[in-house]
1. At a probe size of 1.4 Å, how large is the accessible area of Val184, to the nearest 10 Å²?
2. Please arrange His181, His99 by accessible surface area, largest first, computed with a 1.4 Å probe and ligands excluded.
3. Can you tell me which of Ser148, Ser189, Ser108 moves the most in a GNM of the chain? Springs connect C-alpha atoms under 10 Å apart.
4. What is the set of long-range amide H partners of Thr106 at a cut-off below 5 Å, with H atoms built 1.01 Å from backbone N?
5. Over 23 Å between Cα atoms, which of Lys43/Lys110; Lys67/Lys105; Lys105/Lys186; Lys186/Lys224; Lys20/Lys43 qualify?
6. Hey, any idea what % of segment 66-224's accessible area is carbon plus sulfur with a 1.4 Å probe?
7. For the chain, find the longest principal axis of its Cα atoms and tell me its angle to the long axis of helix 197-207, 0 to 90°, nearest 10.
8. With a 1.4 Å probe and every protein chain left in place, work out the accessible area per residue of the chain in Å², rounded to a whole number.
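The values are calculated or read from the model by the stated rules, or taken from the named source; none is laboratory data. Note that the coordinates shown come from a computational prediction; the quantities given were computed from them, not determined experimentally. So basically every Cβ, Gly included, is an ideal-geometry build from the backbone, and we count neighbours across all protein chains shown. Accessible surface is based on the protein model in full, side chains and every heavy atom, while ligands, DNA and RNA are left aside. Shrake-Rupley method; radii C 1.70, N 1.55, O 1.52, S 1.80 Å.
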Amino acid sequence: YYFAARTVRPAEEITLLTAKGNVGEFTLPDGSRVWLNGESRLKYPAEFSGPTREVALSGEAFFEVSKDSLRPFRVNMDNLQVEVLGTSFDAIGYSFGSHQEIILKTGSVKVSGADLGKPVLRGPTKIMLDTRTRQVTVRQVDARNYCSWFESRLIFDNTPLADIITNLERRYNVEIALSSHIRVDKRLSLVVYHEPLEDILDVMATLIPIRYRIDGNQVLITKK
C-alpha cells in the first residue's frame, strides 16, 4: 500500500518519503507512530537525544505521540510549529498548497507561528492558516472526518455527504468542490477501501444524481 525511501545523512538525520497515491506507516525512535500521506516528507534524527523531540514535515501526516513529559514532541512546518507531550493529531503542510492545517484528535497541542502566539487547542479542533492571506481560523470539528484517511477502509453508514467529501479529500489528497445545487446533508452508505477515486465517484453517481470532473488534485462535482 505504500512506498517509502529512507536516507541517512552524515548528521544521522533520517528522511522518510512517500510516493503520490501511497501511504506509509512508521515508528519513530521514541516509539511514536506516524502515517505519511502521499507526496510527503518527514525528517527526524536517528535518536531523540536532546531536550525536545524535533521532526520536520512537508506534506500530511497523522501522529500518535508517545508520552514524555520531560521532552516535548515538536512538528516543524513552513509556517507553523506544533508542540505536544503525548496525543494524536493530523498535520497538513504541502509546499505546493495554499494552507496549513492542524486537526487535533485527542489530548491537547500548542500551536505557534504566523503571529499566532502560542494557543493551546483542546478537544477535537481544527486550526487552518491561509498562507497567502495569513488568515487563521479555529473551529470545533468531528476529528474522525480528518483522521481516518490512512485506515484500511472507511465505512460510511447513513453519513452526510459533507462528511464523506471531507474524508475523501484527506484519503486521496485532493480538493473537492461541490456545486451549490447539491445538498450537503444528503446521506449515503458505502464502504471505501483503496479503490481509485474515480471508482468511488462512479458509485456515488449511482446513488445521487451527480457528475464529476477531475483536474489534477482538483475535483468538481455538479448536479446531473
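1. 80
2. Accessible-area ranking of His181, His99, largest first: His181, His99.
3. Ser189
4. Amide H neighbours of Thr106, under 5 Å, 5+ apart: Ser88.
5. Distance filter (> 23 Å) returns Lys105/Lys186.
6. After summing per-atom areas, the C and S share lands at 47 percent.
7. Helix 197-207 sits roughly 40 degrees off the main axis of the chain.
8. Spelled out: the 1.4 Å probe surface of the chain, per residue, equals 51 Å².
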